[in-house]
């Protein structure tokens, strides 16, 4: 009887918990998770990408300022990508960014080393970036530094040399949305070069750290594909950017974007005799 009475008391206690109390517990729970991520993984992005013709891609990217002054900074950027079912790629890079005197423009240079563990492909890259609060230009040149390897399907494949050039601009009256168009080309021995255009619309969900992307890749000699990407960033910068603006383009200080990741293709493009092995990677 005593045990039964205790159970009744416990049930009554649970029954008296209001919906508001449950809501407070839920808010505290998710707030605790966010605080843990922000504190333990500062300036880090967690991303999942889905495409029409390849398996989902999962990545973690982090950004670490090394030195900072009033007119710029030097930084380290590292990431790891799991892609194509059985491939993992690591990226290590360093760069420097400087601001214009009025802080409305940012100019950057960077260098990266990429290595795909499973098949021992590697390459280097050099890149440059020019950014304002509503317009940006990104360029990357990729240079293979590994020999031909036996790939996933037993075919010979090798990291390809290439480049990409990307223009991004804010969607008018929507500061949290950006449209990107990118041209890319990679050399393929014994076949047509791997080239095309990519079009992406990116939306930052205000006050959440969440970014959504949808895009389309138009290949010159391959099947075109749509892709969708969802990213959570612990970087507090731009989390409170307004969704709608009274101005078509907001011309504000670029300093708020100094911790954003370098936009580049983080997954190595591999080429064989007349074929390519490729996944996204921005």
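The values are calculated or read from the model by the stated rules, or taken from the named source; none is laboratory data. Since this is a predicted model, take the numbers as computed values, not measurements. In this analysis, Cβ positions are derived from the backbone assuming ideal geometry, glycine residues included, and neighbour counts consider all displayed protein chains.
Can you tell me which of 166, 204, 198, 157 is under 23 Å from residue 129 (Cα atoms) and modelled with pLDDT under 95?
The conditions single out 204.
Out of curiosity, is residue 156 touching a strand residue (DSSP E or B) at 6+ places or on another chain (Cβ under 8 Å) and closer than 30 Å to residue 252 by Cβ?
no
Answer yes or no: is there a residue in the range 239-254 that is surrounded by fewer than 20 Cβ atoms within 10 Å (Cβ to Cβ), touching a residue at least 40 places away in the same chain (Cβ under 8 Å) and not in a loop (DSSP other than H, G, I, E, B).
no
Select from the range 170-179 the residues that are touching a residue at least 60 places away in the same chain (Cβ under 8 Å) and part of a strand (DSSP E or B) and write down the one among them that is nearest to the chain's Cα centre (by Cα).
176
May I ask you to list pairs of residues, at least six apart or on different chains, whose Cβ atoms are under 7 Å apart, with the first in the range 32-57 being more than 21 Å from residue 207 (Cβ to Cβ) and the second being modelled with pLDDT under 75?
Going by the 7 Å Cβ cut-off, the qualifying pairs are 49/280; 51/280; 54/279; 57/279; 57/280.
Mind checking which residues of the range 93-114 are without any contact (Cβ under 8 Å) to a residue 40 or more places away in the chain and under 23 Å from residue 81 (Cα atoms)?
94, 109, 111, 113
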